[in-house]
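**Student:** Questions regarding the structure given below will be posed in turn.
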Amino acid sequence: LQPRRGGPKNLPIAEVYIDDDETKAKTKPRLVILGGGWGGVALLKDLNPDDYNVTVISPANYFLFTPMLPSATVGTLELRSLVEPIRRILSRVSGHFIRAKAEDVEFSHKLVEVSQLDHKGKEVRFYVPYDKLVIAVGSATNPHGVKGLENAFFLKDINDARMIRNKVIQNLELACLPTTSDDDRKRLLSFVVSGGGPTGVEFAAELYDLLNEDLTRHFPRLLRNEISVHIIQSRGHILNTYDETVSKYAEERFARDQVEVLTNSRVKEVQPDKIIFSQKQEDGSVITKELPIGFCLWSTGVSPTALSQKLAKKLGDSQTNRHALETDTHLRLNGAPLGDVYAIGDCSTVQNNVADSIVSFLRKLAWSRGIEPETLQLHFSDWRTVAQDVKKRFPQAVNHLKRLDKLFFEFDKDQSGTLDFGELRELLNQIDSKLTSLPATAQRAHQQGLYLAHKFNKMAKISDAMLANDIRDGDLDAAVYKAFEYRHLGSLAYIGNSAVFDLGDGWSMAGGLWAVYAWRSVYFAQSVSFRTRSLMAMDWMKRGLFGRDLVA
Ligand code: FAD
Ligand code: MG
Ligand code: MG
Ligand code: MG
Ligand code: MG
């Protein structure tokens with residue numbers, strides 16, 4: 001079983017560990033998937049069991065059902081109910097699993113370099129060969145260059161949730177000690193969430209539920225008015241990527257629940273016992289403020305993982321987005337050999353989607369008026385139509401470009417009331433450089449995973465015939481399958497016993513208890529297995545009957 005060595009670094013090559021057997025391995029392409037999260041698992045879900053020799057590489061040997069992670073931090077759900085063993089998921093396709101971290105990809109040798117600590121705790125490195133590689137490694141927490149983040153908690157993984165839960169309960173117990181001064185008690189019970197996106201908001205809501213529902217019962221010594229929950233948000237509103245009605249609803253709800261929302265505020269530093277931030281005032285001046293903290297959650301958006309950054313750098317000019325790995329519309333990694341490497345989920349973005357779409361829209365508009373696109377003079381009313389189209393197709397893009405209307409006037413440099421071709425080009429350039437056009441959501445990763453599964457299934461069937469027809473060097477992806485198109489199915493967020501929905505297209509709803517059930521059932525349906533579903537249902541029932549589990 002001694003592996004052969006090779007590749008640019010002459011490392012062991014893990015062939016024997018990932019090939020089914022000598023004969024089959026030669027005919028079946030090796031499909032290697034980096035990451036066992038939403039993207040990778042969706043791909044596994046719909047892949048034909050017999051077409052590929054599948055290997056998943058991930059440092060975590062479980063899939064994590066992230067939408068429920070905020071609930072797990074306060075004991076509404078058990079942590080183990082949110083995870084599903086990868087090996088279990090892989091059994092359907094008789095796949096292999098290697099618990100390790102991808103460090104690099106040698107594109108011209110078709111090798112992934114991986115690392116892991118061996119049984120002696122020593123780092124070992126080796127190569128895993130592929131015919132097709134799917135990069136689905138997700139994202140990292142964005143530190144925004146803020147000092148003192150070692151004093152904050154993150155919420156990405158199951159261990160994060162465990163640590164948060166322990167910390168929250170520990171603080172409550174410490175606050176109850178007779179030796180704790182009033183000031184210290186107030187500080188221990190001051191919970192600060194930095195980031196007003198869905199994760200921060202849901203965590204704050206869950207925490208509020210916990211404090212309200214269980215605390216009065218189990219910690220009667222603690223006075224409700226000694227406990228405080230704060231959300232620090234850099235923008236003018238929380239849930240600012242959602243429809244306005246949704247973010248209003250959330251703010252009103254929090255105002256009623258006495259969760260303090262601090263908008264237009266930027267965190268400067270997190271110290272062990274306080275957080276320092278600057279807040280823009282209505283008159284435009286900026287003042288520095290601070291809050292005592294017993295706990296701080298840092299959830300201010302995502303940034304690329306070390307692997308993504310490394311690969312983007314390696315691919316040079318073909319990768320120009322600073323936020324994610326760029327792919328073409330067939331989800332093939334730009335700059336890598338065509339049809340070898342794909343990237344999906346949070347780690348990726350489809351290049352030029354928005355600008356391309358606007359360009360083709362304008363082209364149609366021009367032709368319909370019987371003129372050349374280059375001579376098109378775009379009036380504001382035309383721009384509104386374009387904006388409507390963009391809003392429908394790229395809801396996430398619009399969130400970043402909240403003021404599509406204002407863009408028109410910004411780029412009408414000569415203030416003629418129309419945008420000419422040059423002005424439009426400037427505007428499109430800006431749109432492209434500023435955006436990852438797809439949202440960093442489970443919904444998107446899931447759709448991209450399914451897309452690749454369906455395409456790979458088709459390719460496995462067709463490739464022999466195509467090769468016989470001598471289309472060997474052609475673009476097989478485009479020949480057998482359509483380009484990826486994102487369908488926005490709406491966003492959801494949970495806010496203190498109620499849920500808000502943003503269904504895109506101007507539809508939004510916010511509601512009471514019925515919404516919570518609707519919200520749960522949506523995620524029930526998205527959840528991967530009956531096992532997970534049953535475990536979560538039991539947790540909710542248990543919580544309903546006995547309250548949360550406050551042991552840490
Ligand atoms: P992930 O699901 O993060 O998976 C990445 C995988 O890659 C993991 O298995 C990881 O271990 C592995 N990995 C990392 N580095 C390496 C490496 N170097 N080599 C190999 N493997 C590696 N989205 C929604 O749509 N709705 C929600 O309600 C929602 N709620 C969320 C709540 C929380 C608390 C969080 C953190 C996220 C939430 N999201 C939600 C976002 C959603 O989880 C992500 O968009 C989604 O997980 C992206 O899928 P992915 O496959 O790209 O990455
Ligand atoms: Mg994944
Ligand atoms: Mg995941
Ligand atoms: Mg990914
Ligand atoms: Mg003009």
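Throughout, read-outs are computed from the coordinates displayed, never taken from laboratory work. The shown structure was predicted, so the numbers you read here are calculated from the model rather than taken from an experiment. Cβ placement follows ideal geometry from the backbone for every residue including glycine, while neighbour counts extend to all protein chains displayed.
**Student:** Check cross-link reach from residue 9 to the aspartates and glutamates: straight Cα distance under 20 Å, and skip same-chain residues fewer than eight apart.
**Tutor:** Cα-Cα hits under 20 Å: 103, 104, 106, 113, 118, 123, 131.
**Student:** Which cross-chain or sequence-distant (5 or more) residues have an amide H under 5 Å from the amide H of residue 297, H modelled 1.01 Å from N in plane?
**Tutor:** Here the answer is 153, 192, 193, 194, since their amide H atoms fall under 5 Å of that of residue 297.
**Student:** With Rg and the Kirkwood Rh both taken from Cα atoms, where does Rg over Rh land for segment 45-204?
**Tutor:** Working: Rg = 20.6 Å, Rh = 19.1 Å.
A ratio of 1.08.
**Student:** Can you spot the lysines whose alpha carbon is less than 27 Å from residue 364's alpha carbon? Ignore those fewer than 8 places along the same chain.
**Tutor:** Cα-Cα hits under 27 Å: 391, 392, 402, 406, 413, 434, 482.
**Student:** A follow-up question, please. Quick one: what are the phi-derived ³J(HN,Hα) couplings along segment 237-243, Karplus 6.51/-1.76/1.60 with θ = phi - 60°, whole Hz, x for glycine and proline?
**Tutor:** Coupling constants for segment 237-243: 9, 7, 6, 6, 8, 9, 4 Hz.
**Student:** Separate question: Is the C-alpha gyration tensor of segment 243-293 telling us rounded, prolate or oblate? Criteria: a/c under 1.5 is rounded; beyond that, a/b larger than b/c is prolate, otherwise oblate.
**Tutor:** Details: a/c = 2.64, a/b = 1.47, b/c = 1.79.
Oblate, because a/c is 1.5 or more while a/b does not exceed b/c.
**Student:** Count the lysine pairs in segment 63-145 whose Cα atoms lie under 25 Å apart, taking only pairs 8 or more positions apart in sequence or on different chains.
**Tutor:** 5
**Student:** Further question: If packing is taken as the average number of other Cβ atoms within 10 Å across a peptide's residues, how do 322-330, 260-268, 231-239, 9-17 rank, most packed first?
**Tutor:** With the highest mean Cβ count within 10 Å placed first, the list reads 231-239, 322-330, 260-268, 9-17.
**Student:** Given H placed 1.01 Å from N in the peptide plane, which residues other than close sequence neighbours of residue 327 have an amide H under 5 Å from its amide H?
**Tutor:** Under 5 Å from the amide H of residue 327: 334, 349, 350, 351.
**Student:** While we're on this one: What are the ³J(HN,Hα) values, in whole Hz, obtained from phi via the Karplus relation 6.51 cos²θ - 1.76 cosθ + 1.60 with θ = phi - 60°, for each residue of segment 325-330 in sequence order, with x given for Gly and Pro?
**Tutor:** The phi angles translate into 6, 8, 10, 7, 6, 8 Hz.
**Student:** Hey, another quick one. So for segment 149-301: antiparallel DSSP bridges make up what percent, rounded to the nearest 5?
**Tutor:** Given both bridge residues lie in segment 149-301, the antiparallel proportion sits at roughly 45 percent.
**Student:** If we sort 190-199, 87-96 on the protection proxy, mean other Cβ atoms within 10 Å, highest first, what's the order?
**Tutor:** Values: 190-199: 25.2, 87-96: 16.6.
So the order, starting with the most tightly packed, is 190-199, 87-96.
**Student:** Quick one: net charge around residue 80, please, counting Lys, Arg +1 and Asp, Glu -1 for every other residue with C-beta under 11 Å from its C-beta. Before the final figure, lay out each step's value.
**Tutor:** Numbers: positive: 162, 531; negative: 78, 84, 539.
Value of the local net charge: -1.
**Student:** Here is a further query. From the phi of every residue in segment 189-197, what ³J(HN,Hα) in whole Hz does the Karplus formula 6.51 cos²θ - 1.76 cosθ + 1.60 yield, where θ is phi - 60° and glycine or proline is x?
**Tutor:** Each residue's phi maps through the Karplus curve to give 9, 9, 9, 10, 10, 9, x, x, x Hz.
**Student:** If you take the C-alpha gyration tensor of segment 149-301, multiply each eigenvalue by 5 and take the square root, what semi-axes do you get, largest first, in whole Å?
**Tutor:** They are 25, 17, 16 Å, listed largest first.
**Student:** Under a cut-off of 18 Å between alpha-carbon atoms, report the aspartates and glutamates in cross-link reach of residue 542, not counting same-chain residues fewer than 8 places apart.
**Tutor:** 78, 206, 209, 213, 214
**Student:** Scan around residue 228 for amide H atoms under 5 Å from its own, H built in the peptide plane at 1.01 Å from N, and keep only partners 5 or more places away or cross-chain.
**Tutor:** Answer set, sorted by chain and number: 190, 191.
**Student:** For segment 149-301, what number of Lys pairs, 8 or more residues apart or on separate chains, have alpha-carbon atoms under 14 Å from each other? Show your work: numbers first, answer last.
**Tutor:** Details: 186/274; 268/280; 268/289; 274/289; 280/289.
Within segment 149-301, the lysine pair count is 5.
**Student:** Name the shape class, rounded, prolate or oblate, that the alpha-carbon gyration tensor gives for segment 263-371, where a ≥ b ≥ c are the square roots of its eigenvalues, rounded holds for a/c under 1.5, and otherwise prolate holds if a/b is larger than b/c and oblate otherwise. Show your work: numbers first, answer last.
**Tutor:** Working: a/c = 3.88, a/b = 1.62, b/c = 2.40.
Here segment 263-371 falls in the oblate category.
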